[in-house]
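Working notes for the structure below.
Only the coordinates and a few stated rules stand behind these numbers; no lab work does. Everything quoted here is computed from the prediction, not taken from an experiment. Because the Cβ atoms are built from the backbone with ideal geometry, glycine has one as well, and the counts that use them run over all protein chains shown.
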Amino acid sequence: MTTRLKEREEKVKKIKKLLLDQHILVHLKPNFPGVDLPEHLRELPVVTLKLSSLFRGSLEVQDEKIVTELLFNSEYYRCEIPIDAIGAVTSVGGETFAWTEPSDVEDSDRKEVQGPTRRRPQKVPRAAAAPQPAAEETTPSKRPVLRRIK
């Protein structure tokens with residue numbers, strides 16, 4: 001059995017185990033061959049989806065892919081996610097299990113990244129915005145107090 005098939009089996013096993021809890025976060029490349037997501041997500045470099053067997057839409061974890069119906073902008077969309085497109089999975093408790101990316105290495109060089117690891121929050125730079133004028137210092141005015149009248 002090739003290393004790629006072993007890794008896929010390990011991913012499926014880990015995903016099924018983690019789905020026994022409330023939900024999981026699946027981190028994937030939306031431009032990976034075979035991924036079917038809503039149009040607005042296809043242009044992003046990485047997408048994180050929240051999956052749960054408790055959600056209203058269906059969820060099926062197969063040997064080759066995950067097929068699920070997820071709610072986007074008040075409409076359900078049938079998503080198909082090949083197991084090989086998944087780079088990492090995060091549990092409810094914050095443990096992240098990561099694997100090497102299929103497109104980055106050859107089959108003979110594949111290894112599972114040491115897991116589980118704790119994912120630490122990272123600061124995300126804010127989008128560049130127009131500079132805001134400095135707020136003028138003013139004395140706080142007394143605001144009228146609203147009272148409930150019965």
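Where does the stretch 3-105 land on Rg(C-alpha)/(2.2 N^0.38 Å)? Can you show the working numbers first?
Values: Rg = 12.8 Å, N = 103, 2.2 N^0.38 = 12.8 Å.
Computed over Cα atoms of the stretch 3-105, the ratio equals 1.00.
How far apart, in nm, are two points set 7 Å out from the Cα along the Cα-to-Cβ line at LEU20 and at LEU59?
1.4 nm
Work through the residues other than ILE15 whose Cβ is under 12 Å from its Cβ and net out their charges, Lys, Arg +1 and Asp, Glu -1.
+2
Applying the Karplus parametrisation 6.51 cos²θ - 1.76 cosθ + 1.60 with θ = phi - 60° to the phi angles of the stretch 14-24, what ³J(HN,Hα) value in whole Hz is obtained for each residue in order, glycine and proline being reported as x?
Along the stretch 14-24, the couplings run 5, 4, 4, 5, 5, 6, 5, 7, 4, 7, 9 Hz.
Tell me which residues come under 5 Å, amide H to amide H, from ILE66 once H is placed; ignore anything under 5 positions away on its chain.
ILE81, ILE83
Suppose each label sits 7 Å from its Cα in the direction of the beta carbon; what would the TYR77-GLU95 distance come out to in nanometres?
Spacing of the two 7 Å Cα→Cβ label points: 3.1 nm.
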